[in-house]
Amino acid sequence: MTKVDDIKVAVPIAAVLTPKALGGICPICASGRFRVNLDEDSYACPDCGEKGDVLTATMRLVGLDFWSALAHLRKIAADGRGGREGRGAIHPPAPVAPTIIRKTNSGHDPCTEKRPT
């Protein structure tokens, strides 16, 4: 078994899918024929053709590239949040807070200034 396979085994597919998806609603096409096989840790939608395993689900449904998805699953496995019992959807890390632009020393707000055309 490779390290990727070890991570896939450590995190069940139920840990990355939303309750709505586990209930049969496809997160891609919103059809009601989405199927999740918890025994094989796989999913498939016959309407849009989307299918895969826990790594594919993390990449496609959570929106991460391969390496980011692998790191995300590794973190879930290390934190014990994934557990083989599956505790519901694990969402991607929260985005970084936006930078706040403050008023300059002169008292004007550069965000509300009109730019010359």
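The values are calculated or read from the model by the stated rules, or taken from the named source; none is laboratory data. No experiment lies behind these values; they were computed from the predicted model shown. All Cβ positions, glycine included, derive from the backbone under ideal geometry; neighbour counts span all protein chains shown.
Quick notes on this structure:
- Filter pass, residue 64 being surrounded by 12 or more Cβ atoms within 10 Å (Cβ to Cβ), under 13 Å from the mean Cα position of the chain (by Cα) and in a helix (DSSP H, G or I): no
- Residue 55 vs. criteria modelled with pLDDT of 85 or more, under 18 Å from the mean Cα position of the chain (by Cα) and surrounded by 13 or more Cβ atoms within 10 Å (Cβ to Cβ): yes
- Whichever residue in the stretch 23-53 is touching a strand residue (DSSP E or B) at 6+ places or on another chain (Cβ under 6 Å) and of a type outside the set (D, E, K, R) and, among such residues, is farthest from residue 66 (Cα to Cα): 36
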